[in-house]
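The values are calculated or read from the model by the stated rules, or taken from the named source; none is laboratory data. Owing to the predicted nature of the structure, the values given are computational and were not obtained by experimental measurement. Neighbour counts are summed over all protein chains in view; Cβ atoms, including those assigned to glycine, are modelled from backbone coordinates with ideal geometry.
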Amino acid sequence: MKLKKVFIIILSIFAVIIVSLFIASSIAATPTKGDKISSYDNPRKALLIIDVQNDATKMEFNNINTVIDSINKAIDKAKNSDMEIIYIVNELPCYGCKDLNVAIPFGKGTYGAEIDKRIIIASDNVFSKWRGDAFSNSKLEDFLISNQINEIYLTGVDGLQCVNFTMQGAVNRGYKVHGIREAIDVIHPKNIKDVEDVYSQFGVDMISVEGF
């Protein structure tokens, strides 16, 4: 009888964990909503580099090396204009990971969560998130508002995941959004045409890095 009770308790805990993980996964993959941005007297633009981290760039993307080159081209161009350069990183809670020598993908404080060293770091504007949509970090939204930014250019990975959810979060708030075609990658077998098809449904155009 005692063993049966223990089994039921363990089964109940397991069920709660599974349901919690399902809910957390659903939340992580849901674009956020927020207040519409104001009309600014001196509107500005921002370049976002999303999730180009060590744990991401080792995945089976289509053209990650070429995409990183294109992201760096965009960063160089943004540096020569009055444009904010913003880095978004995916960081998951990982208490004691380093001490215990445990590595979880994108664990905060781990090597995998660091920005790929091939990416040019041109600012201290780094915002972390654990959800797909970068706007889930209210500090990013505060930064954009305080700098009167109303137009956003997206780069990074994955074009159908976190970049996509961030795009939708930006559109939900009234930002004008563009994707830089050569600077966005997706995991095989998806390709940039799939990204363009999704983004076009939200009125987001894809431009070339040369036209950026």
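Would it be correct to say that Tyr199 is among the hydroxyl-bearing types (Ser, Thr, Tyr), in contact (Cβ under 8 Å) with a residue 24 or more places away in the chain, touching a helix residue (DSSP H, G or I) at 6+ places or on another chain (Cβ under 9 Å) and surrounded by 24 or more Cβ atoms within 10 Å (Cβ to Cβ)? Don't jump to the end; show me each part of the working.
Working: among the hydroxyl-bearing types (Ser, Thr, Tyr): yes; in contact (Cβ under 8 Å) with a residue 24 or more places away in the chain: yes; touching a helix residue (DSSP H, G or I) at 6+ places or on another chain (Cβ under 9 Å): yes; surrounded by 24 or more Cβ atoms within 10 Å (Cβ to Cβ): yes.
Yes, satisfied.
Could you check the stretch 60-94 and list, in sequence order, the residues that are surrounded by 21 or more Cβ atoms within 10 Å (Cβ to Cβ) and among the polar types (S, T, N, Q)?
Listed by number, the residues that qualify are Ser70, Asn90.
Restricting to helices (runs of 4 or more DSSP H) lying wholly in the stretch 97-183: which have 2 or more residues that are over 18 Å from Gln201 (Cβ atoms)? Before you say what the answer is, go through the steps one by one.
Working: elements: 97-100, 138-146, 162-172.
Result: 97-100, 138-146.
Going by the structure shown, is Glu141 among the acidic types (Asp, Glu) and out of contact with any strand residue (DSSP E or B) (no Cβ under 9 Å at 6 or more places or on another chain)?
On the way: among the acidic types (Asp, Glu): yes; out of contact with any strand residue (DSSP E or B) (no Cβ under 9 Å at 6 or more places or on another chain): yes.
Criteria met by Glu141.
Of all residues in the stretch 9-50, which are touching a Lys or Arg at 6+ places or on another chain (Cβ under 7 Å), modelled with pLDDT under 95 and closer than 26 Å to Arg181 by Cα?
Ala28
Could you please let me know if Asp185 is surrounded by fewer than 22 Cβ atoms within 10 Å (Cβ to Cβ) and under 22 Å from Thr57 (Cβ atoms)? Step through it out loud before you land on a result.
Values: surrounded by fewer than 22 Cβ atoms within 10 Å (Cβ to Cβ): no; under 22 Å from Thr57 (Cβ atoms): yes.
Here the answer is no, as Asp185 does not meet what is asked.
I'd like to know if the stretch 178-192 contains one or more residues that are more than 22 Å from Gln53 (Cβ to Cβ) and in contact (Cβ under 8 Å) with a residue 24 or more places away in the chain.
From the stretch 178-192, those more than 22 Å from Gln53 (Cβ to Cβ) are 178, 189; that's our starting set.
Now narrow it down to the ones that are in contact (Cβ under 8 Å) with a residue 24 or more places away in the chain: 178.
Yes, the stretch 178-192 contains at least one residue that is more than 22 Å from Gln53 (Cβ to Cβ) and in contact (Cβ under 8 Å) with a residue 24 or more places away in the chain.
Do any residues in the stretch 33-45 that are surrounded by 12 or more Cβ atoms within 10 Å (Cβ to Cβ) have Cβ atoms under 7 Å from those of residues that are modelled with pLDDT under 95 and part of a loop (DSSP other than H, G, I, E, B), where the two are at least six apart or on different chains, and which pairs are they?
Arg44/Asp82
Filter the stretch 202-212 for residues that are under 18 Å from the mean Cα position of the chain (by Cα) and assigned to a loop (DSSP other than H, G, I, E, B); which is surrounded by the most Cβ atoms within 10 Å (Cβ to Cβ)?
Val204
Mind counting the residues in the stretch 163-178 that are buried (at least 24 other Cβ atoms within 10 Å of the Cβ) and closer than 22 Å to Asn72 by Cα?
4
When you check Lys108 against the structure, is it modelled with pLDDT of 95 or more and either of a type outside the set (D, E, K, R) or closer than 25 Å to Val186 by Cα (or both), yes or no? If you could, list the steps in order and put the result at the bottom.
Working: modelled with pLDDT of 95 or more: no; either of a type outside the set (D, E, K, R) or closer than 25 Å to Val186 by Cα (or both): yes.
The answer is no for Lys108.
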